[in-house]
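What follows draws every value from the coordinates through simple rules; no lab data is involved. Owing to the predicted nature of the structure, the values given are computational and were not obtained by experimental measurement. Cβ atoms come from the backbone with ideal geometry, glycine included; neighbour counts cover every protein chain shown.
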Amino acid sequence: MREDLLRGGGLLFTDSNVFALYRTQIEKYLGGVPVYVMQAGEAHKNEQTLFALLRAMSENGLRRNSTLIALGGGVVGDIGGLAASLYMRGISCVQVPTTLLAQTDSSVGGKTAIDFCGVKNLVGAFKQPERVLADPVFFETLPKREIRCGLGEIVKHGALCSAIFEKLWENRDRLFDLGFLGEIVPMNIAFKASIVRQDPYERSLRASLNLGHTTAHAIELSSSLSHGECVLLGLILEGKIAERRLGRDGEYGKLLDELCLRALGSMPKFELSEETALCALHDKKNRAEGKVRLTLSRSLGTFEFLELPFGEYVKELKEVGSC
Ligand SMILES: NC(=O)c1ccc[n+]([C@@H]2O[C@H](COP(=O)([O-])OP(=O)(O)OC[C@H]3O[C@@H](n4cnc5c(N)ncnc54)[C@H](O)[C@@H]3O)[C@@H](O)[C@H]2O)c1
Ligand SMILES: [Zn+2]
C-alpha cells in the first residue's frame, strides 16, 4: 500500500495526540515518508495551520501526482482535505479517520474547511478523497467522551435510516462497546455515502443530515459541551419542537429520546438563553432574514424543514427546554 499510495511522493499530516499515540506504527508502515504534525484541537483549525501545512508540502517537494495522507480526527481531515484541494489546484488525498465521528461522518462526503474570522467552517471546498481507510482499531485509544461525540452523528443517522435505528435499539445497552461500534460504523459510512452520492453539494437531500444541528450549533457556541453532546441535545429539543409543530410520531419520538439519553449518559447542564437562540439565528443554514431554519423528523426515516421567525423559535426553545 505504501508504494501504491506514494508513487508520486507524499506527506503524512496528523495531530500531536495521534502522533504521540501512533508514532511507532507510523514509523513502521510509513517510514521515510515526511510527516507534518499540527497541535491537536479545534482552536488550531485555522489559516495558520493550513498555510504551515501547505508550506511543508512545498518544502517536501510534493508534485501534482503526490498524495497527502490525513491521519486523525475531523480537524485533521478537514484541514488536510482543504490543503489537498488547494495545492497545485488539487492533489490526491487519502483520509485515515481515527475518531468515531471522523469515520462515520466527516471523512465521508468531501466537505473540507477551516474556521475563519470566528465562524466555524467559513472557508472550505468540496474535495472528495481518493480513498478512506477506516479501521476500528483506532477506537481502542479514544476517550469515552470522543465515542459519545461520534454517537451523536450515529443516532442522527438512525433517525433517518431504519436499519441503523433498529441496530441501535437492539444494542442500546452496549452503545460504547467497541465490538458494536465496529459493526455499526460500516452501516453509517454506507448510509452517508448514499446520501452524498445523490446530492453532493447539499441542494436538497444532504440537508437532511442537519437534523438536530441548528440548535446543536447554538448550544455548542454558548457552552463548553462537545459537538456530539450538543447534537444529542439538539435531537431531543428539536424532536420536541417536531412533536408540537408537526405532530411527530409519539412511539418513534420516545425511542429516539431514549437512545439520545443513553448516549449522553446523563442530561448535561446547559442553559437555553436568548443568547443561545441568537447563535441559531446566525447559522449559515438559514435562508430568510430573521428566520431560523430547522431540519425536523416527523417519523422514522423522514425529514422536513421548518422555518420559524426568531421570536417563535426563542419561545419554542424555552418551552421545550423546560419540559
Ligand atoms: N467535513 C465534514 O463533513 C464534517 C462533518 C462533521 C464534523 N466535521 C468537523 O470535524 C471536527 C470534529 O472532529 P473530531 O470529533 O474527530 O475532532 P478532533 O479531530 O479534534 O479529534 C478529537 C480529539 O481526539 C484526538 N484523537 C483523534 N484520534 C484519536 C485516537 N484514535 N485515540 C485518541 N485520541 C484521538 C484528537 O487529537 C483530538 O484531541 C470539527 O472541526 C467539525 O467541524 C466535519
Ligand atoms: Zn455534526
Problem - With Cα atoms, 0 to 90° folded angle of helix 178-198 axis to the chain main axis - result: 90 degrees
Handout entry: For VAL35, residues with placed amide H under 5 Å, excluding near neighbours
Key = LEU12
Fill in the blank from the handout: Counting sequence-distant residues (5 or more places) and residues on other chains, those with an amide H built under 5 Å from that of VAL292 are LEU308, PHE310
Practice task
List, in order, the whole-Hz ³J(HN,Hα) value for each residue of the range 114-119 obtained from phi through the Karplus relation with A = 6.51, B = -1.76, C = 1.60 and θ = phi - 60°; use x for Gly and Pro.
Solution key: 10, 7, 8, 6, x, 10
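Filter the GluC sites (Glu not before Pro) in the range 258-300 to those in DSSP coil with at most 14 other Cβ atoms within 10 Å of their Cβ, and list the result. Can you show the working numbers first?
Values: sites: GLU258, GLU271, GLU274, GLU275, GLU289; in loops: GLU271, GLU289.
Qualifying residues, ordered by number: GLU271, GLU289.
Pulled fully out, how much extra length does the chain show between LYS285 and THR302, if you take 0.36 nm times their separation in residues and subtract their Cα-Cα distance? It would help to have the intermediate numbers written out before the result.
On the way: separation 17, 0.36 × 17 = 6.12 nm, distance 1.90 nm.
Difference between extended and current length: 4.2 nm.
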Completion exercise
By the Cα gyration tensor axes a ≥ b ≥ c (a/c under 1.5 gives rounded; else a/b larger than b/c gives prolate, otherwise oblate), the shape of the range 2-140 is rounded
Problem - Degrees, to the nearest 10: 250-264 long Cα axis against longest axis of the chain - result: 50 degrees
Problem - Listed residue (ASN46, VAL94, LEU21) projecting farthest to the positive dipole end of the range 1-94, Cβ model - result: VAL94
Fill in the blank from the handout: In deg cm²/dmol, rounded to the nearest 500, the helical mean residue ellipticity at 222 nm of the chain, built from -39500 (n - 2.57) for every DSSP H run of length 4 or more, is -15500 deg cm²/dmol
Problem - Using alpha-carbon coordinates, inclination of helix 74-86 to the longest axis of the chain, degrees - result: 60 degrees
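Over the range 2-140, how many pairs of lysines fall under 16 Å by alpha carbon, counting only those 8 or more apart in sequence or from different chains?
Numbers: LYS45/LYS111; LYS45/LYS120; LYS111/LYS120; LYS111/LYS127.
Taking the range 2-140 as the scope, the lysine pair count is 4.
Just to verify a number: FRET efficiency for GLU170 and ARG244, C-beta to C-beta distance, R0 = 45 Å, to 0.05?
Details: r = 30 Å, r/R0 = 0.66.
The calculated FRET efficiency here is 0.90.
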Fill in the blank from the handout: If amide H atoms are modeled at 1.01 Å from N in the peptide plane, then the residues at a separation of 5 or more from LYS111, or on another chain, having amide H under 5 Å from its own are LYS127
Practice task
Would you mind classifying the range 200-248 by shape? Square roots of the alpha carbon gyration tensor eigenvalues, ordered a ≥ b ≥ c; an a/c under 1.5 is rounded, otherwise it is prolate if a/b is larger than b/c and oblate if not.
Solution key: oblate
Handout entry: Greater than 19 Å apart at Cα, pairs in LYS254/LYS315; LYS144/LYS285; LYS144/LYS240; LYS167/LYS192; LYS167/LYS285; LYS144/LYS254
Key = LYS254/LYS315; LYS144/LYS285; LYS144/LYS240; LYS167/LYS285; LYS144/LYS254
Fill in the blank from the handout: Simple spin-label estimate for LEU178/GLN48, 7 Å along Cα→Cβ, in nm, reads 3.5 nm
